[in-house]
Amino acid sequence: MPTPNPAALEFLQTRRSRPAKTLVAPAPTRAELEPLLQAALRSPDHGKLEPWRLIVLTGDALDRLATLAQSRGAALGMDDDKITKAHAQFANADLAVAVIEAPVISEKVPEIEQTYSAGAVCLQLLNAALAAGWGANWLSGWASHDRAFAEEGLDLTPREKVAGFIHIGTERAAPPERPRPDMETKVTWQSQ
């Protein structure tokens, strides 16, 4: 018979990301962040390849990325609204963790499974931050998929990709609950 953890299940059934634009200072200190990072690194990882790494972004690093988002957006001919949104993602943040997919060549583990593992790190970090009482949000956006932004701004290798930016801070205002998927339309049961 399994040993249930009702508090953990209740958390997972009611968890809610907090919009990054509602997060304010203070952000977690290094000592407060490290257990959250450790929890994220316990994500499913077929083959124990550790096909990811984390970059903690604060202060000048966030300002530098905000400026780079502006210049890259302009160079790409993007709409001002998209450039402004990408700039704000970094300029208005106190702390973000870039989760980097760093695939490992493996005969046993396909690269797509390593991508899923990097996504699991994002979700695990997001949930760890929320469980610790912080507000948190998983963002990506066009800049995270732009090679020049990734390589210049985050020093990524050609094989690495941004899986997501996890923004963590103090929640200013709780968002209203939103409609959730209907289990009847999303779940199929098969017994044969």
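Just so it is clear, none of the values below were taken in a lab; they were calculated from the coordinates. Just so we're clear, the structure is a prediction, and the values are computed from it rather than from any experiment. Virtual Cβ from ideal backbone geometry, glycine too; neighbours counted across all protein chains shown.
Based on the Kirkwood radius over alpha-carbon pairs, what value in µm²/s does the Stokes-Einstein equation return for the translational diffusion coefficient of region 1-107 at 25 °C and 0.890 mPa s? Walk me through the numbers before you get to the answer.
Details: Rh = 17.0 Å.
Stokes-Einstein gives a translational diffusion coefficient of 144 µm²/s.
Quick check: the angle from helix 30-40's long axis to the longest principal axis of the chain, C-alpha only, nearest 10 degrees?
50 degrees
Based only on Cα atoms, what Rg/Rh ratio does the chain have, Rh being taken as Kirkwood's radius?
Over the Cα atoms of the chain, Rg/Rh equals 1.00.
Among the GluC sites (Glu not before Pro) in region 148-189, which ones are in a DSSP loop with at most 16 other Cβ atoms within 10 Å of the Cβ? Mind listing them? Could the numbers behind the result be given before it?
Working: sites: E151, E152, E160, E171, E177, E184; in loops: E160, E177.
Within region 148-189, the qualifying GluC sites (Glu not before Pro) (loop, at most 16 other Cβ atoms within 10 Å) are E177.
If you keep only loop residues by DSSP, which trypsin sites (Lys or Arg not before Pro) in region 37-90 have at most 13 other Cβ atoms within 10 Å of their Cβ?
Answer in residue order: R42.
Assign unit charges at the C-beta atoms only (+1 for Lys and Arg, -1 for Asp and Glu), then state the dipole size of region 18-172 relative to its Cα centre in Debye, rounded to the nearest 20.
Around 260 debye, computed over region 18-172.
Build a GNM of the chain with springs between Cα atoms under 10 Å: which of L76, L57, L41 gets the top mean-square fluctuation?
The residue that fluctuates most here is L76.
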